[in-house]
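Below you'll find the structure, written out as C-alpha cells, and then a few comments.
All of the numbers you see were taken from the coordinates with simple rules; none came from a lab. If you're wondering where the values come from, they're calculated on a predicted model, not measured in any experiment.
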C-alpha cells in the first residue's frame, strides 16, 4: 500500500507568510522607535502612549468583525486582504511628517484600519488553505514569518541610526519600501479558495446566528487575558528604565522577534499534537512569569533575558489561538468567528493599555506589571476550567 502523502502548507500560506514578513519589516522599522520618538521628540507621556496604542487597536478590532462577516457573505477573502494591506502600506510611513502626538495618533489609527480590514479574512483564508491536521503548524509558520520580519526591520533601523546614515524621520520614510513589496507579492501570488456553493449568503449582518457555546466561552477567557495584555511599548519603556539605551532598543526588539520566529512553528505544531488548551495555558502562565520578572527587574540584563523568554509566550499562543477559532466553527461562519475573536482582543486593548499607563503613572511600573501578571494567571485558570478538551473541534 503506497504511503499517504503528508499534508503541505501550500502556496497561499507561503505567499501570505511572505507578505507578513515584508509588512513586518516595514512596521518594525518604526514601532520600536515610536515610544521614544513620542516621549523625547513630541513630549507625550505614558498615559498618552497607552491611549494611542489602545485606540489604534480598538479601531482595528471593530473593522475586523465587519470584514470577517463580509468575507463570509461574499465568499471572497482576497479583495479585503488586498484593501487592508494597501491602506496600511501607504499610511504607515506618514509618521515621518508628524509634528505632534495627536498626529501620530491619527496615523496609527489609520494604519490599524488597514489591519482591521485584512486580518479576519486573511486568517480565514489561511485556515481554508490547509488540511485541518496541520492548521496549528500553518498558523505557526505564518507567525514565524511575521516575526522574522520583526527581526530584520529593527536591525535596519539600528544600522541607519547607529552609523548616522539618516535621521529618525528618514527611517520612517524608508519603511515604505518593504511595505510596497509586500503589497506586490499579495496581489501576484495569493488566491481565493473556492467554497461550497451551498454556503448561506446572508442579506444583512445577522450576528445572532449561533457560533456555539464553546466558542463563546473561549472568547470570554481570551478577552480576560487581553485586559492584562497592554501594548508592548511599555516593555520598551521599562527596558529603558532598567538601563537599555535608546540606540539598542531596535536590537532588543529584534532579539524578541528572533525568539518569536523560532518558537512560532513548533508552538503551533505542539497544539496540533497535545491540544490547543494546554498549549495556551502554558503560554499564558509564561506571560505571567515574565511580567512578574519585569516588576522585580533591577538591571539592563534582566530586560534582555525577559524579552527572550517573552518571545516563547508568543510561540505557544499566537498560532494556537487562531487554529482554535477555526476548530470551533464551521467554514461558512469562519470569517465572522475570526471577526469576533479579533474584536474581543481589540476591545480589550484600549482599557488594558489605558489602565496599565494610568497605574504606571500613579503607582509605578512594578505595580502595573503585577496587575498584568494577575490577569494572565486568572485567564489561564479560566482556560483550564472552560476551554475545550480536544485538539480539534468535533474530535
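Values as computed for the structure displayed
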read-out: From the coordinates shown, Cα extents along the principal axes in Å corresponds to which of (1) 65, 45, 41; (2) 60, 47, 44; (3) 61, 57, 51; value: (2)
read-out: Percent RCO, i.e. relative contact order, over the chain, from Cα pairs under 8 Å lying at least 6 residues apart; value: 30
read-out: The range 248-313 shape via C-alpha gyration tensor axes, a/c threshold 1.5; value: oblate
read-out: Over the chain: helical MRE at 222 nm, DSSP H runs n ≥ 4 each giving -39500 (n - 2.57), nearest 500; value: -25500 deg cm²/dmol
read-out: Candidates 30, 160, 87: whichever shows maximal mean-square fluctuation once the chain is modelled as a Gaussian network with Cα springs under 10 Å; value: 160
read-out: Cα gyration tensor, the range 225-266 - rounded (a/c under 1.5), prolate or oblate; value: oblate
read-out: Rounded, prolate or oblate (a/c below 1.5 giving rounded, otherwise prolate when a/b exceeds b/c) for the range 303-375 by Cα gyration tensor; value: oblate
read-out: Gap separating the Cα centres of the range 292-307 and the range 104-122, nearest whole Å; value: 31
read-out: Selected from 279, 23, 162 as most flexible by GNM, with the chain as the system and alpha-carbon contacts under 10 Å; value: 162
read-out: Choice from 364, 382, 86 showing the highest fluctuation, given a GNM over the chain with Cα pairs closer than 10 Å; value: 364
read-out: For the range 173-189 and the range 236-281, distance of Cα centres in Å; value: 25
